[in-house]
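Participant: Attaching a single structure in structure tokens format; questions to follow.
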Amino acid sequence: MNLYFLGTGAGVPSKKRNVTSIALQMLQERGSTWLFDCGEATQHQILHTNIRPRRIEKIFITHLHGDHIFGLPGFLGSRSFQGGDSTLTIYGPKGIQAYVETALAISGTNLTYGLEFYEVEEGIIYEDDYCTVTCYKLDHVITSFGYCIQEHDKPGELLVDKLRAQGVPPGPIYQQIKENPVVTFEGNVLHREDYLGEQKSGRKVCILGDTRYMNKLKDFVKDADVLVHEATFSKNETDLAYNYFHSTTQQAAQLASDANVKELILTHISSRYQDDDLEELVNEAREQFANTKIATDFSQFPVL
């Protein structure tokens, strides 16, 4: 897994920050990329990366403010010209389907691939053999959601030395043991659970949309490997953040601390803060939560 930030600004684009979009690359895990929000000019940002639009299979929209969705029609149209032919699914609040279909219809845009919509409510919105995706309603001026991607736990490593001690030599039988609960080898019944090491916990990534500080979110993001949280304002602008339904650097850090997450990444930074302010902003958060980073456009963060 790799988080690739395509836009990290709040509200309007600036010379250093485009508006919000985040790619979650899962090329090794499932050969695809998921997009979270698609602000204006997201497709332009993608041109500066190794991201292939045809490999984007899902788009998750946190809320319907323009800085999070105005890039959708353009991206969807361009994906047709860039070899995209697989069905793409868009998840988001009620209204996302009407917005996209209206924009495509009025502009006469015909896609070469299927488009599916899932207008979300709180709870599990997607699950397959690899992961579960859940969403939670945030506190914003319009309906806004946070998404958590939870990998399923993985079987432990095959205990090769133990198998050899049992007279089972390396070969195709090892793969069979990994894939089947019970295998018979030369008359011996081998139970997979006896030959696997400790189970590996799946990783958890939480990406939140625009929101006021919500202490009750700690249960939703608890023990996340990575929490991506907006930090539109500095710690000195608590009242401003509340009035505009946003969060401060320290409020994001407070949630990360309370929820026992491993890493906090700040994004959605107001254009009032320039390059010289970034160190101060991230240090504000680190006063509360040490393992904090601040995203800039084209930042990449591996999910370990």
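Participant: Within the range 184-272, which helices (runs of 4 or more DSSP H) (wholly inside it) include 2 or more residues that are under 18 Å from residue 287 (Cβ atoms) and at pLDDT 95 or above?
Facilitator: Working: elements: 218-221, 238-243, 249-258.
So the answer is 238-243, 249-258.
Participant: If residue 276 satisfies all but one of (1) touching a helix residue (DSSP H, G or I) at 6+ places or on another chain (Cβ under 7 Å); (2) loosely packed, with under 12 Cβ neighbours inside 10 Å; (3) assigned by TED's automatic domain parsing to the domain that holds residue 26, what's the number of the condition it fails?
Facilitator: (1)
Participant: Whether any residue in the range 178-186 is crowded, with 18+ Cβ neighbours inside 10 Å and either over 25 Å from residue 152 (Cα atoms) or in contact (Cβ under 8 Å) with a residue 24 or more places away in the chain (or both) is what I want to check.
Facilitator: no
Participant: Being without any contact (Cβ under 8 Å) to a residue 40 or more places away in the chain, within 15 Å of the chain's Cα centre (by Cα) and within 18 Å of residue 205 (Cα to Cα) narrows it down to one residue among 22, 59; which is it? Write out each step before concluding.
Facilitator: Numbers: 22 fails: without any contact (Cβ under 8 Å) to a residue 40 or more places away in the chain.
Criteria check complete, one pass: 59.
Participant: On the given criteria, is residue 150 of a type in the set (S, T, N, Q), modelled with pLDDT of 90 or more and outside any loop (DSSP other than H, G, I, E, B)?
Facilitator: Details: of a type in the set (S, T, N, Q): yes; modelled with pLDDT of 90 or more: yes; outside any loop (DSSP other than H, G, I, E, B): yes.
Against the criterion (of a type in the set (S, T, N, Q), modelled with pLDDT of 90 or more and outside any loop (DSSP other than H, G, I, E, B)), residue 150 qualifies.
Participant: Going through 111, 190, 138 one at a time, which residue ends up being out of contact with any Pro (no Cβ under 9 Å at 6 or more places or on another chain), of a type outside the set (Val, Ile, Thr) and in contact (Cβ under 8 Å) with a residue 40 or more places away in the chain? Walk me through it before giving the result.
Facilitator: Details: 111 fails: in contact (Cβ under 8 Å) with a residue 40 or more places away in the chain; 190 fails: in contact (Cβ under 8 Å) with a residue 40 or more places away in the chain.
One residue alone meets the criteria, 138.
Participant: Taking residue 45, is it at pLDDT 95 or above, among the polar types (S, T, N, Q), over 17 Å from the mean Cα position of the chain (by Cα) and closer than 20 Å to residue 147 by Cα? Explain how you work it out, then say what you get.
Facilitator: Working: at pLDDT 95 or above: yes; among the polar types (S, T, N, Q): yes; over 17 Å from the mean Cα position of the chain (by Cα): yes; closer than 20 Å to residue 147 by Cα: no.
Judged against the criteria, residue 45 is not a match.
The values are calculated or read from the model by the stated rules, or taken from the named source; none is laboratory data. All values derive from a computational prediction rather than experimental measurement. Note that each Cβ is placed from the backbone with ideal geometry, even for glycine, and that neighbours are counted across all protein chains shown.
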